[in-house]
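A.B. asks: Dropping a structure here in structure tokens format, bear with me for questions.
The values are calculated or read from the model by the stated rules, or taken from the named source; none is laboratory data. Just so you know, these numbers come straight off a predicted model, no measurement behind them. FYI the Cβ positions are ideal-geometry reconstructions off the backbone, even for glycines, and counts take in every protein chain you see. Heads up: the accessible areas ignore ligands, DNA and RNA and are worked out on the full protein's heavy atoms, side chains in. Shrake-Rupley method; radii C 1.70, N 1.55, O 1.52, S 1.80 Å.
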Amino acid sequence: MPVVVVVVVVAVMRGDGGGLKGARGRQGRGAAVAGRWRRVAVILLALAYAASMLVVFLGGGAGGVAVAGAGAGALRQRGAPAPAGSVYRSHLVLDRLLPELRASSASRPHPLMTPQNKKSGKRWAPCITKKLRRSELPPSNGFLIIEANGGLNQQRISICDAVAVASLLNATLVTPAFHLNSVWRDSSKFGDIFDEDHFIGSLRKYIRVVKKLPEDAFVNFDHNISMIPNMRTKAFSSESYYLQKVLPKLLELGAVRIAPFSNRLAHSVPPNIQALRCFANYEALRFSEPIRMLGTNMVDRMIKMSSLTGGKYISVHLRFEEDMLAFSCCIYDGGWRESIEMENARERSWRGKFHRPGRVINPEANRRNGKCPLTPLEVGMMLQGMGFGNTTSLYVASGKIYNAEKYMTPLRQLFPLLQTKDTLASPEELAQFKGHSSRLAALDYTVCLQSEEFVTTQGSNFPHFLMGHRRYLYGGNAKTIKPDKRKLVALFDNPNIRWDRFKRQMQDIHRHSESKGFGVRKPNGSISIYTLPMPDCMCQRAEP
């Protein structure tokens with residue numbers, strides 16, 4: 001007998017569509033009705049989603065299971081087991097391995113106390129100033145005004161690229177403005193996050209930078225920044241585009257504006273411009289004094305708390321916030337509550353994006369393909385398997401963890417010396433940063449930068465920038481653990497796995513990460529200079 005196929009399609013009424021004709025003109029009652037429809041839609045979708053999952057887990061059927069709009073879409077034959085890695089069972093694996101894990105924790109050598117494998121041959125060292133052209137600056141062609149968007153490290157990309165573009169155009173750069181992002185919701189100005197005077201002074205030999213547009217230039221645009229033409233520049237535009245399209249406008253008007261300005265310059269540019277990018281990132285940009293002072297104190301505290309490992313600690317960038325989980329469309333073990341909360345989060349932030357006609361969501365395939373954020377428990381198991389025992393000091397950099405009381409408890413049990421910015425700094429010290437996500441991210445960045453090893457759990461600008469910065473500081477080696485999540489989920493989906501096999505697999509991942517710590521950017525490659533600063537920002541030197 002074929003199984004009943006669960007198909008639920010809910011039209012979310014938005015005032016001008018579906019079965020609510022004329023709702024646009026009836027603002028009062030129509031808005032209330034539409035609101036009730038949305039709430040009903042969310043509940044029904046969550047019920048349909050959970051019902052389909054129940055059918056999947058009970059074995060499916062000849063016809064399979066599909067949920068339209070926000071469904072699992074994992075089509076399997078009756079009785080056929082889910083492919084390895086499809087289902088979240090990590091908590092069951094931990095229960096199985098915990099006795100052996102605890103028994104072996106005290107006896108194994110600690111990775112932080114053993115020398116890292118060094119790449120043979122020459123060592124890399126910063127050499128930016130040798131690649132920069134120094135000459136007297138010619139008269140400026142006009143003012144370049146850009147708007148940096150996104151979070152902390154996307155802002156860094158915009159700032160460094162703006163320095164490079166200003167040099168290409170021989171323009172005077174106005175200190176970048178920051179877009180008030182609907183996700184980050186941080187109203188910080190440039191000087192709140194970065195040391196503005198240091199930035200301007202460091203770059204004075206290479207480009208001109210001013211804090212604001214001078215009055216004599218501003219008056220030409222009726223004191224209205226929006227009157228300055230906005231050059232709608234495509235992502236990763238080439239050097240020739242700026243010289244052929246933007247420069248003539250700059251010479252004509254005396255000022256141009258580019259907003260937004262995220263990733264608006266190609267990865268590959270002339271060597272001297274590339275070196276200027278490096279200089280802006282690693283030398284000219286430093287955090288503002290309040291961030292530097294607290295960040296330094298937090299690093300010192302981490303070192304003191306790491307006496308059992310010679311002052312060395314590990315940092316983890318943990319992406320397990322509600323919006324990250326909702327966007328991933330992955331399923332963990334939160335049951336009905338999790339399903340409803342994730343659906344609400346998707347509707348709140350992306351308003352119908354995940355329910356468009358033809359869109360199929362497949363959580364099982366997402367997990368198998370390594371697209372699901374690692375849980376804190378999974379990070380803890382991975383590190384324990386690599387040899388980092390309960391005497392390891394662990395710093396966790398993150399936003400607000402989803403259902404933190406539940407999901408962080410296993411990680412804290414595995415690593416009792418775990419610290420975050422909220423435990424490492426006092427409420428009084430953090431008060432001035434609260435509500436400013438980029439400033440809080442800068443504190444995390446500072447502590448992670450100085451850690452012995454850094455663990456990245458999900459791709460984003462934060463780990464990419466940090467890996468490049470650590471390569472710059474540590475002789476070309478990122479000292480980063482970047483796990484292959486496709487391999488991990490298959491191991492986490494096997495409650496019968498033995499500790500010795502699990503440990504071998506984790507140690508293989510660790511060795512592979514070490515071997516990938518060094519990396520050289522290929523000419524005209526797609527990887528940015530901010531992730532791979534070699535050879536553009538660094539030179540090889542013979543080992544002593």
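A.B. asks: Accessible area per residue, 1.4 Å probe, Å², for the range 366-518: what's the number? Display every interim value, and only then the final one.
C.D. replies: Values: 5570 Å² over 153 residues.
Accessible area per residue, the range 366-518: 36 Å².
A.B. asks: DSSP loop GluC sites (Glu not before Pro) in the range 125-224 with at most 15 other Cβ atoms within 10 Å of their Cβ, which ones? Present the calculation step by step, with values, prior to reporting the outcome.
C.D. replies: Values: sites: Glu136, Glu147, Glu196, Glu215; in loops: Glu136.
Hits after loop and neighbour filter: Glu136.
A.B. asks: So, one more: Tell me the accessible surface of Ser349 in square angstrom (1.4 angstrom probe, heavy atoms of protein chains only), to the nearest ten.
C.D. replies: Approximately 70 Å² of Ser349 is accessible to the 1.4 Å probe.
A.B. asks: Could you order His317, His512 by accessible surface area, starting with the largest, using a probe radius of 1.4 Å?
C.D. replies: Numbers: His317 15, His512 105 Å².
Listed by decreasing accessible area, they come as His512, His317.
A.B. asks: A further question on this structure: Project the alpha carbons of the range 202-320 onto their principal axes and report the range along each, largest first, in whole Å.
C.D. replies: Sorted largest first, the three principal extents are 64, 37, 33 Å.
A.B. asks: In nm, what is the difference between 0.36 nm times the number of residues separating Ser349 and Thr423 and their Cα-Cα distance?
C.D. replies: Net length gain for the segment: 23.7 nm.
A.B. asks: Follow-up question, since we're still on this one. If each Cα of the range 429-544 is one equal point scatterer, what is log10 of I(q)/I(0) from the Debye formula at q = 0.11, 0.20, 0.21, 0.23 Å⁻¹?
C.D. replies: Log10 I(q)/I(0), no solvent term: -0.49, -1.09, -1.14, -1.25.
A.B. asks: Give, in whole angstrom and from largest to smallest, the semi-axes √(5λ) of the equivalent ellipsoid of the range 132-283, with λ running over the eigenvalues of the Cα gyration tensor.
C.D. replies: 20, 19, 16
A.B. asks: Separate question: Averaging sequence separations of C-alpha pairs under 8 Å and six or more residues apart, then dividing by the length of the range 132-283, give the relative contact order as a whole percent.
C.D. replies: That works out to 36 percent.
A.B. asks: With the other protein chains left in place, how much accessible area per residue, in square angstrom, belongs to the range 132-283 at a 1.4 angstrom probe?
C.D. replies: Accessible area per residue, the range 132-283: 45 Å².
A.B. asks: Rounded to the nearest 10 Å², what accessible area does Glu283 have for a 1.4 Å probe in the complete protein model?
C.D. replies: Rounded to the nearest 10, the figure is 80 Å².
A.B. asks: Also: Taking the Cβ of Asn524 as the centre, find all other residues whose Cβ is under 15 Å away and add up their charges (Lys, Arg: +1; Asp, Glu: -1).
C.D. replies: On the way: positive: Arg521, Lys522; negative: Glu239, Asp536.
Surrounding charge for Asn524 is 0.
A.B. asks: Counting only protein heavy atoms and a 1.4 Å probe, tell me what percentage of the range 246-404's accessible area is made up of carbon and sulfur. Don't jump to the answer; show the numbers that get you there.
C.D. replies: Values: 3030 of 5820 Å².
The nonpolar share, carbon plus sulfur, comes to 52 percent.
A.B. asks: May I ask for the Kirkwood hydrodynamic radius of the range 145-228, worked out over all distinct Cα pairs and given in angstroms to one decimal?
C.D. replies: For the range 145-228, inverting the mean 1/r across all distinct Cα pairs yields 13.6 Å.
A.B. asks: Would you list Thr129, Thr531 from the most to the least accessible area, probe 1.4 Å?
C.D. replies: If we order Thr129, Thr531 from most to least accessible, we get Thr129, Thr531.
A.B. asks: Grab the Cα-Cα distance for Lys211 and Arg134, subtract it from 0.36 nm times how many residues apart they are, and report the gain in nm with one decimal.
C.D. replies: 25.4 nm
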